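Beneath this line is the structure, given in structure tokens, with notes to follow.
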Amino acid sequence: MPHHPSPITDHSIDWSRIDDVLLDMDGTLLDRHFDNFFFEEELPRRYAALHRLTFEESRARLMAMYRSVEGELAWTDLHYWTDRVGIDVVALHRELDHMIGFLPGAEEFLLDLRRLGKRVTIVTNAHEAGVSVKAAKTGLDRHVDRIVDAFEVGYLKMRPEYWPACQRLLGFDPARSLYVDDDEGCLSAARQFGLGHIVHSAKSSSQLPPVAASGFPSIESMMALLSGHPGSRGL
């Protein structure tokens, strides 16, 4: 039977059943517009100028490079891409850091999780260098207990090997953990592993409409997870 998109709703969580909150970074807490613009617009522009290509030629070449390592750690390794394209990708992140920011409601959600006393860990496919730039810009690291990048785990989150390794690293109880991500491949791997509470972030970019997931409850704002909870602000 084919999966149909789940409706986007306020998906209230019974917080008494949750000890650990595992959150994706880009597209869940931070606005993915930065990453989309960076890798699909700005880097192709710089690469075109460097190699005397049209923008369309440059973009097609880079997209093929991205696809060639998709699912591997190199896919998000900023040092790998610096070597591959001949442009300092980390420096370019810093140059464009004015575009880095929280999605609406995400920072408030993190503050409320603190009040609820949950252990909050960011689990991201992003490279440490990119995490550092984004944390410096947003203060994201001050709102959570830990940020774990895929290089620390050894796999990207859509790989089945990721979750057992991540559990060994963090020591969470899958049945009492909530995981939120905008990537359905990562959510599917988490479900296969046995995480008890899984939610899809449908509004990954401020510049794109929300897109519901197939087979996972979808929310448009992280604050929807606190809907109706007496400890959440404004309720």
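Inspect region 222-230 for any residue being in a loop (DSSP other than H, G, I, E, B), touching a helix residue (DSSP H, G or I) at 6+ places or on another chain (Cβ under 9 Å) and either touching a residue at least 60 places away in the same chain (Cβ under 8 Å) or not assigned by TED's automatic domain parsing to the domain that holds Gly71 (or both) and give the result as yes or no. Looking for residues that are in a loop (DSSP other than H, G, I, E, B), touching a helix residue (DSSP H, G or I) at 6+ places or on another chain (Cβ under 9 Å) and either touching a residue at least 60 places away in the same chain (Cβ under 8 Å) or not assigned by TED's automatic domain parsing to the domain that holds Gly71 (or both), one finds at least one in region 222-230, hence yes. Scanning region 152-173 for residues that are surrounded by 18 or more Cβ atoms within 10 Å (Cβ to Cβ), more than 14 Å from the chain's Cα centre (by Cα) and touching a residue at least 40 places away in the same chain (Cβ under 8 Å) yields Tyr155, Arg159, Cys166, Phe172.
Based on this model, can you work out whether Arg176 counts as in contact with a strand residue (DSSP E or B) (Cβ under 7 Å, 6 or more places away or on another chain), modelled with pLDDT of 95 or more and surrounded by fewer than 15 Cβ atoms within 10 Å (Cβ to Cβ)? Yes; evaluated as a whole, the condition is true for this residue.
Applying a threshold of 7 Å to beta carbon distances and a minimum spacing of six or more residues, or different chains, the list of pairs starting in region 96-120 at a residue that is in contact (Cβ under 8 Å) with a residue 24 or more places away in the chain and ending at one that is of a type in the set (Gly, Ala, Ser) and crowded, with 19+ Cβ neighbours inside 10 Å reads Pro104/Ser221; Gly105/Ser221; Asp112/Ser232. Residue count for region 42-62 under the criterion of being assigned to a helix (DSSP H, G or I) and either among the basic types (Lys, Arg) or free of Cβ contacts under 8 Å to residues at least 12 places away in the same chain (or both): the result is 11. State yes or no: is Leu78 under 20 Å from the mean Cα position of the chain (by Cα), modelled with pLDDT of 95 or more and outside the structural domain of Pro174 (by TED's automatic domain parsing)? Here the answer is yes, as Leu78 does meet what is asked.
Taking the criterion of being under 25 Å from Asp19 (Cβ atoms) and either at pLDDT below 95 or surrounded by 21 or more Cβ atoms within 10 Å (Cβ to Cβ) (or both), the residues of region 122-146 that qualify are Ile122, Val123, Thr124, Asn125, Ala126, Val131, Leu140.
Across region 24-49, the number of residues qualifying as farther than 13 Å from Trp81 by Cβ and not charged (D, E, K, R) comes to 11.
Looking for something buried (at least 17 other Cβ atoms within 10 Å of the Cβ), over 19 Å from Arg32 (Cβ atoms) and small (Gly, Ala, Ser) - is there at least one such residue anywhere in region 87-109? Checking region 87-109: not a single residue is buried (at least 17 other Cβ atoms within 10 Å of the Cβ), over 19 Å from Arg32 (Cβ atoms) and small (Gly, Ala, Ser).
Looking only at residues in region 5-43 that are among the β-branched types (Val, Ile, Thr) and touching a Ser or Thr at 6+ places or on another chain (Cβ under 6 Å), which one is modelled with the highest pLDDT? Restricting to residues being among the β-branched types (Val, Ile, Thr) and touching a Ser or Thr at 6+ places or on another chain (Cβ under 6 Å), the top hit is Thr28.
Taken over region 12-37, residues that are part of a helix (DSSP H, G or I) and closer than 14 Å to Gln207 by Cα amount to 5. Entry remark, region 26-38: residues being touching a helix residue (DSSP H, G or I) at 6+ places or on another chain (Cβ under 7 Å) and either closer than 16 Å to Met222 by Cβ or without any contact (Cβ under 8 Å) to a residue 40 or more places away in the chain (or both) number 3 in total. Looking at the structure I just gave you, is Asp149 of a type in the set (Asp, Glu), crowded, with 18+ Cβ neighbours inside 10 Å, under 15 Å from Asp24 (Cα atoms) and in the same structural domain as Leu116 (by TED's automatic domain parsing)? The answer is yes for Asp149.
The values are calculated or read from the model by the stated rules, or taken from the named source; none is laboratory data. Computed from a predicted structure; not experimentally measured. Virtual Cβ from ideal backbone geometry, glycine too; neighbours counted across all protein chains shown.
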